[in-house]
Structures are given as structure tokens and as C-alpha cells.
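Structure below; questions to follow.
The values are calculated or read from the model by the stated rules, or taken from the named source; none is laboratory data. Only a predicted model underlies this, so the values are computations on that prediction, with no experimental measurement involved. When we count neighbours, we look across all protein chains shown, and the Cβ atoms used for this are built from the backbone with ideal geometry, even at glycine.
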Amino acid sequence: MDFALLLNAFERTHRGRGWSRQRLLHECLRAAIRGGQLAPGTRLAATRVLAAELGLARNTVLYAYEQLASEGFVLPDRRGTVVAGSAGVPAAAPAAGGNGGLSRRVQHLRGVAGQDVNASVVFPADAMGAFAPGVPALDEFPLAQWRRMLDRAWRALTPRQLNYGDPAGEPQLRMAIADHLRAARGVVCDAGQVFITDGTQSSLDVCLRAFADQGDTLWIEHPAYGGALAAGRGAGLQVTGIAVDMDGIAPTDEDWHAAPPRLIYTTPSHQYPTGSVLSPARRMALLERARAAGALIIEDDYDSEFRHGGPPLAAMQGLVADAPVVYLGTFSKTMFPALRLAFIVVPAPLAGAFAQMQAQGAARGRVAEQLALAEFLRSGLFARHVRRMRRLYRQRRDALSEALQRHACAGAAIHGGTAGMHLALRFHDAAWDDLALSRRAAQDGIVALALSAHGTGNRMDEGAGWNGFLLGYAQVPAENMDGLARRLGALLPA
Ligand SMILES: Cc1ncc(COP(=O)(O)O)c(C=O)c1O
């Protein structure tokens, strides 16, 4: 395929539209795919090659490819970019009788249309073993205390409280969360800004609906938390991956210029999956530039209670006055995932409108659980449990780090262990195939998710240079670490 010829012909017929070079290239390639000139399975030229051939900046080509990917016309894989099966429907999507009736937005989700790069990694939803990420030490949870709290809440419930609950959440819980966040995370808020949800996924869904319109640009970290990626795609947003380095999300001037965001999703206190902590300078820069661009930051503070080293870092939400930040928190890590209680802190000027929106669509209920949790927070039992788990997770992190140093660090380095419940074992050699290694670990009974499987799907540099394992250690006893690290190390190339 002579791309210069193709683009020239396209340009002639679309002259006068005032399109940018990027738009022109994107429209041209899309038309060629739709028209069959670029057949399903065709591998597109590498961005660098095409840029040189057409005399364009590499980023112009990169963004055009990303847009095609986000629309489902092309699929990134480890070796580049291939044309999808039919216009907008990835090649691997099962025909009618499978998921043929699903919307295109949903067909972009990992795994749904068969294009999941990590599909063969064994990671069932209830995976608990080493090193499944995001799973707290469930056998350490003070179940008896919690049962007593629940029992007390149920006994105090009146018949009125069996009705549909407050759509914003129970006032006592909202108040207890606001108090906790002010003291523990430096979040500037009152209870009126706090909204209860049944998990971060719901928080994300409702925030994307509330604060962006279809087609708006959502920046997401690259590599990314799959839940945020799914929410962005599901909301019909233009999802743009922004590279993460050792200091967290690192947008360039080019990013701000080429794809100005309406929303920015970030996990600054412990990036998922890399474990990078967003540096103080980056935090301030992100806040300032977001404000100048009229963008809102969605700060997902999912495991920040567990900080193991370095100075404590307050939430971005409280760093500057009237920060353009929507703050998300969850009790999945500090309590247990099945509790299904999480929360959103909305900027004060938006809280009224947000409350009205929630009144029309929020799930209302689970009053007893909410009241029990409020009491758990107020009584100090929550803080005590978090303190215990912080100590325990630090021990487990230390044990894992030391074991990895002994057995698995010949060609890899540990990163991202200063906070949270997981760390990254990053391979030095880009040629080590972390997806294949992850599959081999799974065959050996170890969940070691590949970092490169967390790409945003529309970036051509899948994994953004992050090649290695994501290792959740919170639920793994310290005495098991040596044996597990030895088994992992044995899988790695010599
Ligand atoms: C980045 C991130 N945010 C949030 C969550 C928690 O989500 P939820 O509240 O739905 O359990 C997780 C779970 O692993 C996560 O990794």
C-alpha cells in the first residue's frame, strides 16, 4: 500500500474542509479500512515509518492510530497495529449468537471481543492466591467485631429505615467518612460533598456520566487500571493513554496540545499497576494545568492508607484551594471487597447538582451496612484495623522484596513498593515477554499479572515500556515469599 498516494488522493477530494494533518490522516485511514483497501488483518506501517514516509510528526501518526483503535478499526498488538475484522468490529469477535448484539463501546472492552492481550492468564474473579493484586488479608479481618456492629445496626433499625435509603448515602456514614478523610488524607470536604456508592466501578461510571459528555477526552494512565479503562470505554469517551514513568503520570506538552482532556483519571498515591507515586512537583503541575485547561481530575485513592516508606503524601484534592479534583475512595482494601461500599467526594460547587443527579439514578439501600460502617469508623476500630494491616503489609512487602532480590532480580528490578498492597517486578530486557511468562507462572499456580497487559489498548506502545510482573502481596504470608519468589525466578530467562 502506497500511503503517500492514498493520502494525496484523499486530500484532493477533501480539500477545503480545514482539517488538521492528524484529522486528515485519521479520516483517510478510516475510509480506506471501510472501503476495503486496507483489508482485515493488514498490518499498518510502524508510526515512525509512516511519519517519515508522509513527512508528518510521529505523534500525528500516533494519535491518528490511537483514534482508530479507540473506534475499533484497528487493534494494537505486541508487534504493531493491525486492521480489525470488519469496520469497527475487531476480528476476533464471535459472530451472531456470541456477542454480536453488543454495542461497539462494549466490544472495545478487554476480553469481550476476544482481543484481550492477557486472555490466557488465569485470573478468576475470586482469585486469592499469591500474587493476586488488590486482595487484602481477608483472614485478618476482625469478623467478630464487624458481626457485632452489623447486629447492633440491624437491631436499631426502624421500619421506616427499611424503605429506599438516601440516594447520597446514609448521613452518619457520609459524616464519618468526611471526618476520616480530613484527618487521615488531608481532603478538604464536608459531609455534603460525600456520596456513597457500591464500589469504585460505580463511582467511576457515575462520575464519567456526570462530568463528561460522549466523545469527550478522558486521559487515563498508561499502563492503566482496567476498571477505569472499561468505565471510560463504556461511557463512550475518547480514551487517551498518558504515559506513566517512575514518578507517576507524565503528560507532555504535546499531550496537552494534541488531546486536551475533559477528565483525567489518576492513582497518584500508588499508581495501578506500576506502583509509582506521583511526585509533589508533578501533583502541583497537574493541578495547575488541569485548572487552566478546564479539566477535572479524578483522583482514585484506592489503597493510600497503606504507606510503607517516605514522607506521608496527602491527597491531591486538598493540596490547593478549590482543587479541580473529584476524589474516589473505597472500603474494598481497608475492610473487604464484598462489603461493596465506596465513596465519591465531589467539589463543593458541584455537590448540589450531583445530589440531584444521584436522586434520579443512584441505588439506594443497604442502610444497616452503612450504619454499621459509620459506627466502625467512629469507634476507632477501623483505624486500629488499618494500623494493624499497615504493619502486616509492610512485613509482607519486606519479605517479598528480600525474596525477589535473592531469586528474581538478576534481570529485573523492584519498583512501587512504598505504598499499597502490590509492587512491580520490572524486567530490564524489553524482549522478555511478560505475557508469556505470566502464563507460565499461572500454570505453576502463581498469579503474576503482566504489566504490559495493562496497556490502554489505543496506545501503540503497549505497556509504555513497563514490562514485568504485578505482584499483590497483602494476602500472602511472609513465610511463603521465599518459595514463591524462587519459583518465579526459575521461570525468568537466564
Ligand atoms: C486502581 C483501583 N481502584 C479501585 C479499586 C477498588 O475497586 P472497588 O471499590 O470497586 O472494589 C481497585 C481494586 O483493585 C483498584 O486497583
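Can you find, within the stretch 177-204, the residue that is surrounded by the most Cβ atoms within 10 Å (Cβ to Cβ) among those that are in a loop (DSSP other than H, G, I, E, B) and away from the ligand (no atom under 14 Å from the Cβ)?
Looking at the filtered set, the residue picked out is 187.
Say whether the condition of being out of contact with any Leu (no Cβ under 7 Å at 6 or more places or on another chain), closer than 17 Å to residue 219 by Cβ, part of a loop (DSSP other than H, G, I, E, B) and more than 12 Å from the ligand (Cβ to nearest atom) is met by at least one residue in the stretch 272-285.
Yes, the stretch 272-285 contains at least one residue that is out of contact with any Leu (no Cβ under 7 Å at 6 or more places or on another chain), closer than 17 Å to residue 219 by Cβ, part of a loop (DSSP other than H, G, I, E, B) and more than 12 Å from the ligand (Cβ to nearest atom).
For residue 255, indicate whether it is within 16 Å of the ligand (Cβ to nearest atom) and part of a helix (DSSP H, G or I).
For residue 255, the condition - within 16 Å of the ligand (Cβ to nearest atom) and part of a helix (DSSP H, G or I) - is not met.
Suppose we filter 328, 339 for residues that are within 11 Å of the ligand (Cβ to nearest atom) and touching a helix residue (DSSP H, G or I) at 6+ places or on another chain (Cβ under 6 Å); which single one remains?
328
Looking at the structure I just gave you, is residue 452 of a type in the set (S, T, N, Q) and touching a helix residue (DSSP H, G or I) at 6+ places or on another chain (Cβ under 6 Å)?
So residue 452 passes the test.
Determine whether residue 354 is at pLDDT 95 or above, of a type outside the set (A, V, I, L, M), in the same structural domain as residue 239 (by TED's automatic domain parsing) and more than 16 Å from the ligand (Cβ to nearest atom).
Yes.
Taking into account only those residues within the stretch 205-244 that are under 23 Å from residue 465 (Cα atoms), of a type in the set (A, V, I, L, M, F, W, C) and in a helix (DSSP H, G or I), which is nearest to the ligand (Cβ to nearest atom)?
Restricting to residues being under 23 Å from residue 465 (Cα atoms), of a type in the set (A, V, I, L, M, F, W, C) and in a helix (DSSP H, G or I), the top hit is 228.
Checking residue 363 against (1) in a helix (DSSP H, G or I); (2) in contact with a helix residue (DSSP H, G or I) (Cβ under 8 Å, 6 or more places away or on another chain); (3) under 15 Å from residue 202 (Cα atoms), only one condition comes out false. Which one?
Result: residue 363 fails condition (1) only.
Going by what's in this entry, would residue 161 be described as among the polar types (S, T, N, Q), more than 23 Å from residue 348 (Cβ to Cβ), more than 15 Å from the ligand (Cβ to nearest atom) and in a helix (DSSP H, G or I)?
Here the answer is yes, as residue 161 does meet what is asked.
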